[in-house]
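To start, the structure itself, in structure tokens.
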Amino acid sequence: MRFESAHEAQPLSSIRDAMGSTDEGAMNSRRFAAIVLAAGKGTRMKSDVPKVMHALANRPLVQHVLAALAPLAPERTVVVLAPGMDAVAAAVAPAGTAIQAAPLGTGDAAKSGLAAIDDLLAAQAVADVLVLFGDTPLITTATLEALLEERRRAPAAAAVVLGMRPGDPAEYGRLVLSASGVLEAIVEAKDADAEQRRIGLCNSGVMAIDAGHVRALVGAIGNDNAKGEYYLTDIVAIARRQGLPCRVVEAPVDELAGINSRADLAAAEAIMQRRLRAAAMAGGATLTAPETVFLSADTRIGRDVTIGPFVYCGPDVVIEDRAQILSFCHFTGARIAAGAIVGPFARLRPGAEIGEDAHIGNFVEVKKAKIGRGAKANHLSYIGDAEIGAKSNIGAGTIT
Ligand code: UD1
Ligand code: MG
């Protein structure tokens with residue numbers, strides 16, 4: 001039995017490749033702390049749920065960011081929240097949290113986060129502070145590693161920013177480069193003049209800031225701008241005024257798109273689903289119509305599994321080797337053992353355990369029940385809170 005975890009497989013393997021070519025000593029000498037900004041109101045979502053708790057592949061946005069960070073083993077991870085965001089604090093544990101008293105902007109949020117790593121900064125225990133946004137969930141470990149790698153190559157840089165070139169730069173901050181390609185400033189769309197708005201290179205929000213400069217740079221941010229907010233992005237111009245260099249690393253927009261609205265969320269889901277399907281196929285599963293299959297970030301799919309058209313895998317679904325999932329099935333919290341055949345039109349609800357080589361046929365619902373090895377329930381049944389022995393045959397219309 002060998003699983004590819006659909007979500008983690010791709011980032012993890014690519015980071016292992018990346019780390020294979022990295023000098024261990026250099027890695028150790030550049031420890032970093034991570035601050036994830038997640039205190040914003042998320043007004044544009046028009047929701048009572050904090051923005052970072054909205055789900056992508058059935059996992060809260062902020063958890064995707066933390067999952068991408070984890071393999072890089074930050075010295076400490078702090079998630080900046082607004083007062084009362086207890087559900088978010090629970091969802092991000094064991095990462096620590098810091099509270100931003102009022103939503104005064106990303107610069108002010110970063111300041112709240114810095115207070116929670118003050119001891120690390122004072123002890124010079126980290127070389128970099130990595131700032132990420134809780135609303136930018138498509139980022140991968142490999143790209144974060146590339147950003148930190150650029151810091152290692154350019155230790156004099158005060159900040160290295162992850163940039164992207166979206167098809168429509170719209171609301172994104174623009175990265176202003178000098179003629180020689182040095183990052184001079186980040187200008188928010190609302191503050192940009194016509195010429196700056198034509199710049200295609202945009203700010204993803206992710207940046208690595210030199211730990212020796214970070215407190216002074218963030219402390220110098222003001223709020224004299226279109227929104228009257230403290231913009232974290234201002235640290236670039238502040239650093240330049242002090243003669244400190246800043247750099248850009250470009251990454252694919254598919255990893256850096258920010259989520260501000262329900263439409264953004266749907267667009268990000270499409271990207272995430274393509275990734276999850278590709279990882280499942282790379283792990284040895286056949287998806288006959290991949291674009292119709294919905295997977296969750298934690299869906300586990302074995303080798304030589306076949307999944308037909310229009311199948312939904314909700315949270316906590318495991319499909320072991322050689323299982324066949326026929327079209328139009330809906331699964332949540334279910335385990336399907338090796339060689340089982342499920343569907344078409346089967347519904348597996350939490351606690352459904354389908355044994356090896358068992359058959360679950362059309363219009364059969366299973367909840368909190370164990371179906372023994374080789375057992376069959378082929379037509380129109382509800383099997384709940386039950387244990388079905390090996391090789392049993394459940395007749396059509398049976399209800400337990
Ligand atoms: C921000 C950037 C913009 C960039 C874009 C990328 C600034 C000023 N602008 O704009 O340059 O192109 O992201 O997606 O940084 N947050 C707080 N506290 C606050 C405000 C925001 O914690 O007071 C958090 C939010 O929860 C969110 C993140 O910071 O996770 C970004 O805030 P958001 O309001 O979405 O910024 P954008 O307008 O998208
Ligand atoms: Mg945003």
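The values are calculated or read from the model by the stated rules, or taken from the named source; none is laboratory data. Computed from a predicted model, the values in this text were never measured in an experiment. Note that each Cβ is placed from the backbone with ideal geometry, even for glycine, and that neighbours are counted across all protein chains shown. These accessible areas exclude ligands, DNA and RNA; they are computed on the full protein's heavy atoms, side chains included. Shrake-Rupley method; radii C 1.70, N 1.55, O 1.52, S 1.80 Å.
Among the numbered conditions (1) touching a Cys at 6+ places or on another chain (Cβ under 6 Å); (2) surrounded by fewer than 18 Cβ atoms within 10 Å (Cβ to Cβ), tell me where Ala170 comes up short.
Tallying (1) touching a Cys at 6+ places or on another chain (Cβ under 6 Å); (2) surrounded by fewer than 18 Cβ atoms within 10 Å (Cβ to Cβ), Ala170 fails exactly one: (1).
Going by the structure shown, is Ala216 away from ligand 2 (no atom under 16 Å from the Cβ), within 28 Å of the chain's Cα centre (by Cα) and closer than 22 Å to Thr77 by Cα?
no
Just name the residue that is nearest to ligand 1 (Cβ to nearest atom) out of those in segment 205-232 that are open to solvent by less than 10 Å² (accessible area, probe 1.4 Å) and either assigned to a helix (DSSP H, G or I) or of a type in the set (Ser, Thr, Tyr) (or both).
My answer is Leu232.
Look through segment 97-115, keep the residues that are part of a loop (DSSP other than H, G, I, E, B) and aliphatic (A, V, I, L, M), and return whichever of them is farthest from Gly42 (Cα to Cα).
Here the residue is Ala101.
Go through segment 73-83 residue by residue and tally those that are more than 14 Å from ligand 1 (Cβ to nearest atom) and either free of Cβ contacts under 8 Å to residues at least 40 places away in the same chain or crowded, with 19+ Cβ neighbours inside 10 Å (or both).
The number of residues fulfilling the criteria is 3.
Answer yes or no as to whether Leu144 is surrounded by 23 or more Cβ atoms within 10 Å (Cβ to Cβ) and either closer than 12 Å to Val36 by Cα or touching a residue at least 40 places away in the same chain (Cβ under 8 Å) (or both).
For Leu144, the condition - surrounded by 23 or more Cβ atoms within 10 Å (Cβ to Cβ) and either closer than 12 Å to Val36 by Cα or touching a residue at least 40 places away in the same chain (Cβ under 8 Å) (or both) - is met.
Within segment 318-343, take every residue that is in contact (Cβ under 8 Å) with a residue 24 or more places away in the chain and surrounded by fewer than 24 Cβ atoms within 10 Å (Cβ to Cβ) and give me the one that is farthest from Gln63 (Cα to Cα).
Here the answer is Ala338.
Counting residues that are touching a helix residue (DSSP H, G or I) at 6+ places or on another chain (Cβ under 6 Å), which strands (runs of 3 or more DSSP E) fully inside segment 154-204 reach at least 3?
159-164, 183-187
Taking segment 28-69 as the search range and keeping residues that are more than 10 Å from ligand 1 (Cβ to nearest atom), without any contact (Cβ under 8 Å) to a residue 24 or more places away in the chain and of a type outside the set (Asp, Glu), which one is surrounded by the most Cβ atoms within 10 Å (Cβ to Cβ)?
If we take residues in segment 28-69 being more than 10 Å from ligand 1 (Cβ to nearest atom), without any contact (Cβ under 8 Å) to a residue 24 or more places away in the chain and of a type outside the set (Asp, Glu), then Ala55 is surrounded by the most Cβ atoms within 10 Å (Cβ to Cβ).
May I ask you to list the residues in segment 251-268 that are within 16 Å of ligand 2 (Cβ to nearest atom) and not in a helix (DSSP H, G or I)?
Ala257, Gly258, Ile259, Asn260, Ser261
Quick check: is even one residue across segment 145-157 within 25 Å of Val182 (Cα to Cα), at pLDDT 95 or above, within 16 Å of ligand 2 (Cβ to nearest atom) and assigned by TED's automatic domain parsing to the domain that holds Ile221?
No, segment 145-157 has no match at all.
Under 8 Å by Cβ, and 6 or more places apart or on different chains, what pairs join a residue from segment 213-235 that is over 13 Å from Ala158 (Cα atoms) and basic (Lys, Arg) with one that is within 11 Å of ligand 1 (Cβ to nearest atom) and modelled with pLDDT of 95 or more?
Sorted first by the residue in segment 213-235, then by its partner, the pairs are Lys227/Gly105; Lys227/Glu188; Lys227/Lys190.
Please determine, by comparing only the residues of segment 158-183 that are over 15 Å from Asp234 (Cα atoms) and over 26 Å from the mean Cα position of the chain (by Cα), which one is modelled with the highest pLDDT.
Ranking the candidates gives Ser178 first.
Identify, from the list Ile238, Ile271, the residue that is under 24 Å from the mean Cα position of the chain (by Cα) and not in a loop (DSSP other than H, G, I, E, B).
Just one listed residue meets the conditions, Ile271.
Residue by residue through segment 279-312, note down the ones that are among the hydrophobic types (A, V, I, L, M, F, W, C), part of a loop (DSSP other than H, G, I, E, B) and crowded, with 18+ Cβ neighbours inside 10 Å.
Ala285, Val293, Leu295, Ala297, Val305
Given Leu132, Leu104, Leu138, Leu162, which one is under 20 Å from Gly258 (Cβ atoms), within 14 Å of ligand 1 (Cβ to nearest atom) and open to solvent by 10 Å² or more (accessible area, probe 1.4 Å)?
Going through Leu132, Leu104, Leu138, Leu162 in turn, just one is under 20 Å from Gly258 (Cβ atoms), within 14 Å of ligand 1 (Cβ to nearest atom) and open to solvent by 10 Å² or more (accessible area, probe 1.4 Å): Leu104.
One line per residue, one yes/no per condition, for (1) modelled with pLDDT under 95; (2) in contact with a Pro (Cβ under 8 Å, 6 or more places away or on another chain); (3) within 18 Å of Ala98 (Cβ to Cβ); (4) in a helix (DSSP H, G or I):
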site	(1), (2), (3), (4)
Ile35	no, no, yes, no
Lys41	yes, yes, yes, no
Arg44	no, no, no, yes
Ser47	no, no, no, no
Val52	no, yes, yes, yes
Val62	no, yes, yes, yes
Val65	no, yes, yes, yes
Ala70	no, no, no, yes
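Take Ile371 and decide whether it is touching a residue at least 12 places away in the same chain (Cβ under 8 Å), under 27 Å from the mean Cα position of the chain (by Cα) and buried (at least 23 other Cβ atoms within 10 Å of the Cβ).
When the stated conditions are applied, Ile371 does not pass them.
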